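The values are calculated or read from the model by the stated rules, or taken from the named source; none is laboratory data. Note that the structure is a prediction, hence the values are computed from the model and not measured. Note that each Cβ is placed from the backbone with ideal geometry, even for glycine, and that neighbours are counted across all protein chains shown. Quick note on the areas: whole protein, heavy atoms, side chains included, nothing else; ligands and nucleic acids left out. Shrake-Rupley method; radii C 1.70, N 1.55, O 1.52, S 1.80 Å.
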Amino acid sequence: MEQRILIYAPAGQDAALAVQVLASGAIASHACRSPGELAEQLALGAGGVLTVDEALHAGAYQVLDDFGRQQPEWSDLPIILLTHAGLDSLPLRQAIATLGNLTLLERPVHMLTLITSAHAMLRARQRQYQVRETQRRKDEFLASLGHELRNPLAPIKTSVALLSHLYPESEQVSKVKGVIERQVTHLTRLVDDLLDVARITSGKVQLQRQDIALQQVLAHVIELCQPAASSRHITIALDLPPQTIVLHADYARVVQIFANIVSNAVKFTPNGGHIHIAAQLAGGQLQVTIEDNGIGIDPEAIPRIFSMFEQGRTQAGQMASGLGIGLSLARQFAEMHGGCIEAHSDGPGRGSRFVVRLAASMVEGPPAAPADAAPASAGRAVQVLVVDDNRDAADSLQTLFQLEGYAVRVAYDGAQALAAIDAAWPQLIVMDLGMPGMDGYETARQIRRLAQGRDVLMIALTGWGQGDARQRTAQAGFDHHLTKPVDFAAIAALLGQHLARRAGAATGAE
């Protein structure tokens, strides 16, 4: 299907003759009888299109232009246009200017010329398919890499949390714990950034929009960036209006936009420097300015800093740490929200200023405080089942639950999990997805079938963070999907909220 050439020549016998000529060169083709059929066949796949100049105003131009604007990045549909010698018309000029990968052949065309041109078109299309396949393999590799990196991070993070319970008064343990937590957080962000690159290039990022307060977003950003800034005595100042600024946006992605810019400012600001964040709203558009007194940006480098994998140099002239994708992701997420990011600098040594613009509105009064999560104590004596084939991950999470007062059991595969719930029905199940034999999806489906009205909160705790994995967990019966490594407090908060809802429903029924 993808190796055939689509032909659209509505007048006379041109289409039938073109099919015969291409067949003589062992080239598969399909003659379309209308612009609508051409659009339908393009959607199914094509190695290229052969059309004639008189078909342009008969609907062919609009179909090809629409397809060209919507085709994925790897695709550049090759088109051969047969035109009369010396013809110079407005539709022809328009086609030359906008259709992109266009080859003109003047009629009458020698049969051998048409066949060799068609073969060249198909060879070029085959190279595009190879690029597509390379991108697909890259995305699969990054997804697998993210999963494999997250799996060992989960027991590390859980074990670090255990240190606080086992040695609450030890200053040395506290210092070691802080180092490990910071490095795990940094590695987790690197993994997330790599996966975001794969999701964006494959068009798999879907924004989860909701009404969010800018003040809460920036508070989260400061929380993420403050440790690195404090370690180098860099101050971060906020200048926000007293009113609540509300954005209808994806909370996680907006946090990522500002966190990437602020962390970049921290990286390129010398010890003792300062970063100033100011926001204002005008005409329904939010403008946030992040300004630092760092090493600045060379004017020639400004157009490149938003390119993927672009690396800047530190004050000492060394290549900066990181992957060089933070600013690129920030701009792409801003554009997905209908906004933009601009960079400004007066030159090296003069600091830099980033301006983020997003649609927003203002609400009178102070920002609403986020709802407090139910305390972990609300879950004491709750029956918990941890299911994970990674024994380190399962055992460390079990110990942490036990120290918090939960009654917890462990299963290392799906069959053990089903046996465990048969012995005692849990109120919470935290389960890995990628287990050998019976995976987490199938185990969850069987547990839901066995529930028969009994209540259980099921949380998927996994290294797979893609949108399709989240959709599959929901279909399998999981209530939540958390990506490793996760804070124990996040699990406790979900459980607390679930128990509170159940208690409220029971009270209402009485």
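A Cβ distance below 7 Å, combined with a sequence gap of six or more or placement on separate chains, defines the contacts here; from region 82-105, residues that are within 17 Å of P10 (Cβ to Cβ) and of a type outside the set (S, T, Y) reach residues that are assigned to a loop (DSSP other than H, G, I, E, B) and open to solvent by 40 Å² or more (accessible area, probe 1.4 Å) in the pairs L82/V109.
Conditions tested, residue by residue: (1) open to solvent by 20 Å² or more (accessible area, probe 1.4 Å); (2) among the small types (G, A, S).
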| site | (1), (2) |
| --- | --- |
| V184 | no, no |
| L194 | yes, no |
| Q208 | yes, no |
| A219 | yes, yes |
| R232 | yes, no |
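In region 410-441, the residue that is farthest from V191 (Cα to Cα) out of those that are of a type outside the set (G, A, S) and open to solvent by 60 Å² or more (accessible area, probe 1.4 Å) is D422. If I go through region 402-424 residue by residue, how many of them are of a type in the set (A, V, I, L, M, F, W, C) and under 21 Å from T473 (Cβ atoms)? Summing the residues that are of a type in the set (A, V, I, L, M, F, W, C) and under 21 Å from T473 (Cβ atoms) in region 402-424 gives 7. Checked against the criterion of being touching a strand residue (DSSP E or B) at 6+ places or on another chain (Cβ under 8 Å) and closer than 23 Å to L207 by Cα, the candidates L461, L433, L397, L428 yield just one match: L461.
Which of the residues that make up region 451-464 are without any contact (Cβ under 8 Å) to a residue 60 or more places away in the chain and part of a strand (DSSP E or B)? Give the steps one after another, and end with the answer.
So the first thing to find is which residues in region 451-464 are without any contact (Cβ under 8 Å) to a residue 60 or more places away in the chain, and the list is 451-460.
Across region 451-464, the qualifying residues are L457, M458, I459, A460.
Any residue at all in region 22-30 that's closer than 21 Å to T83 by Cβ, part of a helix (DSSP H, G or I) and modelled with pLDDT of 95 or more? Looking for residues that are closer than 21 Å to T83 by Cβ, part of a helix (DSSP H, G or I) and modelled with pLDDT of 95 or more, one finds at least one in region 22-30, hence yes. Would you be able to say whether some residue in region 129-144 is touching a residue at least 12 places away in the same chain (Cβ under 8 Å), charged (D, E, K, R), in contact with a helix residue (DSSP H, G or I) (Cβ under 9 Å, 6 or more places away or on another chain) and within 24 Å of Q398 (Cβ to Cβ)? No, region 129-144 has no match at all.
A374 falls short on exactly one of the conditions (1) surrounded by 19 or more Cβ atoms within 10 Å (Cβ to Cβ); (2) modelled with pLDDT of 75 or more; (3) outside any strand (DSSP E or B), and that condition is (2). All of (1) hydrophobic (A, V, I, L, M, F, W, C); (2) closer than 30 Å to G284 by Cβ; (3) open to solvent by less than 40 Å² (accessible area, probe 1.4 Å) hold for A161 with one exception: (2).
Give the residue, chosen from R470, R449, R445, R454, that is open to solvent by 80 Å² or more (accessible area, probe 1.4 Å) and under 25 Å from L207 (Cα atoms). Quick ask: steps written out before the conclusion?
Details: R449 fails: under 25 Å from L207 (Cα atoms); R445 fails: under 25 Å from L207 (Cα atoms); R454 fails: under 25 Å from L207 (Cα atoms).
Criteria check complete, one pass: R470.
Kindly evaluate D192 against the criterion of being assigned to a helix (DSSP H, G or I) and within 30 Å of I245 (Cα to Cα). So D192 fits the description; yes.
Could you say whether any residue in region 379-399 is surrounded by fewer than 16 Cβ atoms within 10 Å (Cβ to Cβ) and modelled with pLDDT of 85 or more?
At the first step, the residues of region 379-399 found to be surrounded by fewer than 16 Cβ atoms within 10 Å (Cβ to Cβ) are 380-381, 391-392.
If we keep only those that are modelled with pLDDT of 85 or more as well, we get 391-392.
Yes - at least one qualifying residue is present in region 379-399.
So E40 passes all but one of these: (1) open to solvent by 40 Å² or more (accessible area, probe 1.4 Å); (2) within 20 Å of A124 (Cβ to Cβ). Which condition number does it fail? It is condition (2) that E40 fails.
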